[in-house]
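The values are calculated or read from the model by the stated rules, or taken from the named source; none is laboratory data. All of these numbers come straight from a predicted model, not from anything done at the bench. Methodologically, a virtual Cβ is constructed for each residue, glycine included, from the backbone with ideal geometry; neighbour enumeration extends over all protein chains shown.
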Amino acid sequence: MGEEVKDKILREVRKDFLQEQLLSGKRFDERALDEWRPVEVQKGVITTAEGSALANIGGSKVVAAVKFDVMTPFPDRPDEGAFITNAEFVPMASPGFEPGPPNENCIELARVVDRGIRSSEVIDVTRFFLEEGKVLGLFLDLWILDHKGNLTDTAALAACAALLDTKLPKVENGKIIRGQGTQSMEMKYKPLTTTFIKVANNFLLDASHDEEYAKDMSFTVGTVEGMVSSIQKSGQGGLSKDEVMNCVDVALKKSDELRRYL
């Protein structure tokens, strides 16, 4: 029997079992449908970075680090710096992660986190202009250290904490003087994501790794305080207007719970 067939059978078994659990109002770990697992955030975990943080949601661990470099601006935006997000699935984090270049899941994770931050407009890239032909590039790197489900929200939490920890670098004669930055990023909002999976007619917040095996689709809402900044759906199937609005309402409330850790 091939690995794809085994994986499909395993998914169906877990989905049937989870659906039975949900009929009685329970999840695998007996949480409420809209309940977060334990959350931890630690800033300043990498002293050589301009900003960094480690986020842990239910055992999923992500390290985010910010680095600035001097670069040539994009031709269509000569007076603006750049903001670029990358992600890496460390092979030890999960049996399903393999060495090599980023796969589509890794690229999508970086894109969703990047979009949530970029759409919230909390990073003023006009402040990164140095001189004609020279700007600062802010590079946000995400390392997935342990995969216990809901990597998107964990990565977004780590990213936001790292940006809050970030100091703008000192620049002299067009070069960065490392370790001497003192000015903060002055972020007006704290952008985060809130991700749901859909199993039958139920929406589960902060899905564990086992629960993700049973999902029909996932739906991520990017928020800042009191406002929606982005929306992302992945997987098969659609959502009704009422389902979207219900998820948005829950996301606005539950994202504020995460912000307390920042």
Item to check | Whichever residue in region 143-189 is crowded, with 18+ Cβ neighbours inside 10 Å and of a type in the set (S, T, N, Q) and, among such residues, is farthest from VAL62 (Cα to Cα) | outcome: THR166
Next on the checklist: Any residue at all in region 190-204 that's more than 30 Å from GLU12 (Cβ to Cβ) and surrounded by fewer than 23 Cβ atoms within 10 Å (Cβ to Cβ)?
Outcome noted: yes
Next on the checklist: Quick check on my filter: what residues within region 43-59 are crowded, with 19+ Cβ neighbours inside 10 Å and in a strand (DSSP E or B)?
Outcome noted: GLY51, SER52, ALA53, LEU54, ALA55, ASN56, ILE57
Item to check | Members of region 60-112 found to be touching a Pro at 6+ places or on another chain (Cβ under 6 Å), outside any loop (DSSP other than H, G, I, E, B) and surrounded by fewer than 16 Cβ atoms within 10 Å (Cβ to Cβ), listed by number | outcome: PRO91
Next on the checklist: I want to confirm something. Restricting to region 66-109 and keeping residues that are among the aliphatic types (A, V, I, L, M) and under 13 Å from the mean Cα position of the chain (by Cα), which single residue is farthest from LEU164 (Cα to Cα)?
Outcome noted: ILE107
Next on the checklist: Quick check on LEU163: is it modelled with pLDDT of 95 or more, assigned to a helix (DSSP H, G or I) and more than 12 Å from the chain's Cα centre (by Cα)?
Outcome noted: yes
Next on the checklist: I need the full set of residues from region 203-243 which are part of a loop (DSSP other than H, G, I, E, B) and modelled with pLDDT under 90, in order please.
Outcome noted: TYR213, ALA214, LYS215, ASP216, GLN236, GLY237, GLY238
Next on the checklist: Would you confirm, using the coordinates I've provided, whether LYS15 is surrounded by 16 or more Cβ atoms within 10 Å (Cβ to Cβ), at pLDDT 95 or above and either more than 20 Å from VAL113 (Cα to Cα) or of a type in the set (D, E, K, R) (or both)?
Outcome noted: no
Checklist entry - With ARG127, ARG115 as the choices, which residue is charged (D, E, K, R), modelled with pLDDT of 95 or more and surrounded by fewer than 21 Cβ atoms within 10 Å (Cβ to Cβ)? => result ARG115
Next on the checklist: Whether any residue in region 22-42 is assigned to a strand (DSSP E or B) and farther than 22 Å from GLY149 by Cα is what I want to check.
Outcome noted: no
Checklist entry - Is it the case that ILE177 is of a type in the set (Val, Ile, Thr) and within 24 Å of ALA251 (Cα to Cα)? => result no
Checklist entry - Given GLY51, GLY58, which one is over 30 Å from ASN173 (Cβ atoms), modelled with pLDDT of 95 or more and touching a Ser or Thr at 6+ places or on another chain (Cβ under 8 Å)? => result GLY58
Item to check | Residues (modelled with pLDDT under 90 and not in a loop (DSSP other than H, G, I, E, B)) located in region 169-192 | outcome: LYS170, VAL171, GLU172, LYS175, ILE176, ILE177, GLN183, SER184
Checklist entry - Taking interchain pairs and intrachain pairs at least six residues apart, which have beta carbon atoms under 9 angstrom, with the first residue in region 172-199 and farther than 30 Å from GLN19 by Cα and the second assigned to a loop (DSSP other than H, G, I, E, B) and among the polar types (S, T, N, Q)? => result ARG178/THR48; GLY179/THR47; GLY179/THR48; GLY181/THR166; SER184/THR166; MET185/THR166; MET187/THR166
